[in-house]
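Below: one structure, written as structure tokens.
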Amino acid sequence: MLKTTENILIDNCLDKHALALKYKSEEQYTEAIELLHEAISDVRKPKNPINEVHLIAILQDTLATLYMEIDEQEKSLYYLEKSVLNIEMFLEHETQDTIKHQENQAL
């Protein structure tokens, strides 16, 4: 089965996320933070559709945790707020899709 460019991008971002968590467990915070920023940048480059907002939110949430662990509360709060906003946007989009699907089923 051929993977689409979008699927490869998502897999790469998830790999970077996993590696960042490994760095975090080894207390290599700088490397972890750099990887997460890189992954977020990768997701945004091709102007992905809104369904990738949840991936960005996961990466931002992990960044918030890392910044909290290294006692940078302002950055932690910043990324936590961004993560929550992205999750809200994702859920709103999913809700609209569900409503449209239910309307189509009713017709």
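The values are calculated or read from the model by the stated rules, or taken from the named source; none is laboratory data. It should be emphasised that the depicted structure is a prediction, and the values quoted were computed from it without experimental measurement. Positions of Cβ are backbone-derived with ideal geometry, glycine not excepted, and every protein chain shown enters the neighbour counts. Calculation scope for accessible area: heavy atoms of the full protein, side chains included, ligands and nucleic acids excluded. Shrake-Rupley method; radii C 1.70, N 1.55, O 1.52, S 1.80 Å.
Observations
- Environment charge at residue 25 (Cβ cut-off 12 Å; Lys +1, Arg +1, Asp -1, Glu -1): -2
- Geometric descriptor of the chain, per residue, is 115 Å³ (volume of the convex hull of the Cα atoms).
- Distance histogram for the stretch 35-96 (every C-alpha pair counted, 10 angstrom bins, percent rounded to whole numbers): 25, 50, 22, 3
- Helix-only [θ]222 nm of the chain, DSSP H runs n ≥ 4, -39500 (n - 2.57) each, per residue, nearest 500: -28500 deg cm²/dmol
- Share of carbon and sulfur in the accessible heavy-atom surface of the chain [1.4 Å probe, %]: 55 percent
- Taking 0.36 nm per residue of separation and subtracting the Cα-Cα distance, full extension of the segment from residue 88 to residue 68 would add 5.0 nm.
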